[in-house]
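Q: I am attaching a structure below and will ask some questions about it afterwards.
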Amino acid sequence: MSNTEVRSETSPQSTGVRGFDMKLEVVVVPVADVDRAKSFYASLGWRLDGDYTADDDWRVIQFTPPGSGCSVIFGRNVTSAAPGSARGLYLIVSDIAAAREELLGRGVRVSKLFHPGEVNTGTDEPYLFGSRRVSGRDPDGRTYRTYASFDDPDGNGWLLQEVTSRLPGRIDTGGAAFVSSAELEAALRRASEAHGEHEKLTGQHDDGWPSWYAEYMVREQTGEPLPT
């Protein structure tokens with residue numbers, strides 16, 4: 001999600017005490033035409049988990065994006081929210097250019113890459129969906145700062161957000177995890193580029209590059225200082 005963060009004074013993370021797990025698993029997307037929405041989300045390459053009905057008054061469909069632990073549901077009499085009213089639905093990717101090209105190849109109308117302007121509003125939403133977008137990648141290449149957007153047929157707004165390294169404290173485990181070959185490949189490419197700079201700095205070939213790669217990739221994902 002975005003790099004705007006608010007923590008409760010009494011939250012388990014702020015006190016150093018972990019409570020029981022509460023895993024966000026489903027987000028409801030309000031749609032007008034259920035079959036049209038089903039066709040659209042299937043076209044994204046998302047996994048169809050189920051299409052359930054109970055007489056003519058209720059229907060729910062669930063899709064899960066690749067590598068996601070959270071699914072979306074929509075249907076008939078699932079929510080009272082107005083169709084198309086969901087905004088700021090974040091899809092986190094490690095290579096936003098590749099993700100955008102894949103969606104374009106699937107026929108999805110995706111915006112060009114953009115980054116937010118430097119305004120202190122306390123939240124990303126007003127300028128990510130409004131007029132304060134700045135064209136192109138974040139000029140400093142910062143994680144969390146490059147986006148693209150698209151809408152579903154009802155106008156529900158989705159954001160692609162590129163996250164290449166997590167801020168400190170945002171990984172529960174002591175190591176890294178890659179949920180797809182594409183994500184692992186992107187991490188290897190970034191490690192390769194950084195290792196090339198490392199060899200320029202040292203002025204010699206590094207036979208221990210596998211260990212260097214491994215350390216770089218774990219540190220990048222867990223928010224630790226990167227090796228040089």
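Q: Determine whether the range 113-120 contains at least one residue that is farther than 22 Å from Leu159 by Cβ, out of contact with any helix residue (DSSP H, G or I) (no Cβ under 8 Å at 6 or more places or on another chain), of a type in the set (S, T, N, Q) and at pLDDT below 95. Don't jump to the end; show me each part of the working.
A: Kept after step one, since they are farther than 22 Å from Leu159 by Cβ, are these residues of the range 113-120: none.
Taking every residue of the range 113-120 in turn, none turns out to be farther than 22 Å from Leu159 by Cβ, out of contact with any helix residue (DSSP H, G or I) (no Cβ under 8 Å at 6 or more places or on another chain), of a type in the set (S, T, N, Q) and at pLDDT below 95.
Q: Continuing with the same structure: Can you name the residue in the range 1-43 that is of a type in the set (Asp, Glu) and at pLDDT below 85 and is also nearest to Leu159 (Cα to Cα) among such residues?
A: So in the range 1-43, the residues of a type in the set (Asp, Glu) come out as 5, 9, 21, 25, 33, 35.
Now restrict to residues that are at pLDDT below 85: 5, 9, 21.
Numbers: Glu5: 18, Glu9: 29, Asp21: 26 Å.
So the residue we want is Glu5.
Q: Can I ask one more? Residues to consider are Ala191, Ala187, Ala148, Ala176; find the one that is of a type in the set (A, V, I, L, M) and at pLDDT 85 or above.
A: Numbers: Ala191 fails: at pLDDT 85 or above; Ala187 fails: at pLDDT 85 or above; Ala176 fails: at pLDDT 85 or above.
Only one candidate passes the filter, namely Ala148.
Q: Can you pull out every residue in the range 27-44 that is loosely packed, with under 12 Cβ neighbours inside 10 Å and either under 18 Å from Trp58 (Cβ atoms) or touching a helix residue (DSSP H, G or I) at 6+ places or on another chain (Cβ under 9 Å) (or both)? Reasoning before the result, please.
A: Applying the first criterion (loosely packed, with under 12 Cβ neighbours inside 10 Å) to the range 27-44 yields 35, 39.
Residue satisfying the conditions is Asp35 alone.
Q: Name the residue that is nearest to Thr143 (Cα to Cα), counting only residues in the range 204-225 that are assigned to a loop (DSSP other than H, G, I, E, B) and in contact (Cβ under 8 Å) with a residue 24 or more places away in the chain. Full working, then the answer.
A: Here is the first cut: in the range 204-225, the residues assigned to a loop (DSSP other than H, G, I, E, B) are 204-208, 223-225.
Restricting the remaining residues to those that are in contact (Cβ under 8 Å) with a residue 24 or more places away in the chain gives 223-224.
Details: Gly223: 11, Glu224: 13 Å.
The residue in question is Gly223.
Residue by residue, here is whether (1) at pLDDT 95 or above; (2) β-branched (Val, Ile, Thr); (3) over 26 Å from Gly69 (Cβ atoms); (4) not in a loop (DSSP other than H, G, I, E, B) holds:
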residue: Leu91; (1), (2), (3), (4): yes, no, no, yes
residue: Arg109; (1), (2), (3), (4): yes, no, yes, no
residue: Ser131; (1), (2), (3), (4): no, no, yes, no
residue: Arg137; (1), (2), (3), (4): no, no, yes, no
residue: Thr143; (1), (2), (3), (4): no, yes, no, no
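Q: Restricting attention to the range 196-216, does a residue exist that is within 25 Å of Asp21 (Cα to Cα), of a type in the set (A, V, I, L, M, F, W, C), modelled with pLDDT under 85 and surrounded by fewer than 16 Cβ atoms within 10 Å (Cβ to Cβ)? Don't jump to the end; show me each part of the working.
A: First pass over the range 196-216, keeping only residues within 25 Å of Asp21 (Cα to Cα): none.
No; the residues of the range 196-216 include none that is within 25 Å of Asp21 (Cα to Cα), of a type in the set (A, V, I, L, M, F, W, C), modelled with pLDDT under 85 and surrounded by fewer than 16 Cβ atoms within 10 Å (Cβ to Cβ).
The values are calculated or read from the model by the stated rules, or taken from the named source; none is laboratory data. Not measured: the values here are computed from a predicted model. Note that we place each Cβ from the backbone using ideal geometry, even for glycine, and neighbour counts take in every protein chain shown.
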